[in-house]
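Read the structure below first, then the notes.
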Amino acid sequence: MSDLDFLERIVPMAASSVDRLEQVPARLAFLFDYSAARALAAPDIHAEALASREVIGALAEELRQCGPLADRDAFRAAASRVRVRTGQKGKALFHPIRLALTGEAEGLELDLAVPAIEAAAALQASGIRRIPGAAERAEAFASALGIEH
């Protein structure tokens, strides 16, 4: 996928969830400005992540084994395996996944955001800085929480 193809894919996702053009950069920050350490510096995110260590650890392990989550079905299958492994469902499952993979407490639907993360990570000769994929993000988040694998 070329840089332009990637932008054509993500701009409509961002545009559909904003009221003003100036909101687009913040909506796409999860792609271009991810930082596990910065996310965990927010007290509310840190507290929830600590309480959700089991899900975050299982997610990191799952993503180490399953390969890129290139589409909605791959993401849903991986989330389902984390659900089976942890017994968590609904918000108790998906909110920690959101925190680990986007560094944000809210945003685009995960089954749209995660494939976009993977597409961004696959860009090769891009004019933007390297974007970590879902597995790398989950690993960084788990590591920042002190979760050992």
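Consider the range 1-51 and keep the residues that are touching a Lys or Arg at 6+ places or on another chain (Cβ under 9 Å) and among the aliphatic types (A, V, I, L, M). The one that is surrounded by the most Cβ atoms within 10 Å (Cβ to Cβ) is 36. Scan the range 121-149 for residues that are touching a Pro at 6+ places or on another chain (Cβ under 9 Å) and closer than 14 Å to residue 6 by Cα and the total you get is 2. Filtering the range 103-116 to residues that are on the phi < 0 side of the Ramachandran plot and buried (at least 23 other Cβ atoms within 10 Å of the Cβ) leaves only 114. Consider the range 1-33 and keep the residues that are in contact with a Ser or Thr (Cβ under 7 Å, 6 or more places away or on another chain) and modelled with pLDDT of 85 or more. The one that is farthest from residue 97 (Cα to Cα) is 27.
Only helices (runs of 4 or more DSSP H) whose full extent lies in the range 1-76 are considered here, and the ones with at least 1 residues that are among the charged types (D, E, K, R) and under 19 Å from residue 112 (Cβ atoms) are 3-15, 24-27. If you filter the range 11-70 down to residues that are out of contact with any helix residue (DSSP H, G or I) (no Cβ under 7 Å at 6 or more places or on another chain) and among the polar types (S, T, N, Q), you find that the one that is farthest from residue 107 (Cα to Cα) is 65. The residues of the range 64-102 that are farther than 17 Å from residue 135 by Cα and either hydroxyl-bearing (Ser, Thr, Tyr) or surrounded by fewer than 14 Cβ atoms within 10 Å (Cβ to Cβ) (or both), listed by number, are 84, 86, 87, 89, 90, 91. On the stretch given as the range 93-148, residues that are assigned to a helix (DSSP H, G or I) and more than 17 Å from residue 46 (Cα to Cα) total 16. Residues of the range 90-133 that are of a type outside the set (A, V, I, L, M), touching a residue at least 40 places away in the same chain (Cβ under 8 Å) and in contact with a Leu (Cβ under 7 Å, 6 or more places away or on another chain): 115, 118.
Against the definition (small (Gly, Ala, Ser) and surrounded by fewer than 20 Cβ atoms within 10 Å (Cβ to Cβ)), how does residue 121 come out, yes or no?
Working: small (Gly, Ala, Ser): yes; surrounded by fewer than 20 Cβ atoms within 10 Å (Cβ to Cβ): yes.
When the stated conditions are applied, residue 121 passes them.
Evaluation of residue 137 against the conditions (1) crowded, with 21+ Cβ neighbours inside 10 Å; (2) under 15 Å from residue 10 (Cβ atoms) shows that the sole unmet condition is (2).
The values are calculated or read from the model by the stated rules, or taken from the named source; none is laboratory data. Everything numeric in this text was worked out from a predicted model, so none of it was measured. So basically every Cβ, Gly included, is an ideal-geometry build from the backbone, and we count neighbours across all protein chains shown.
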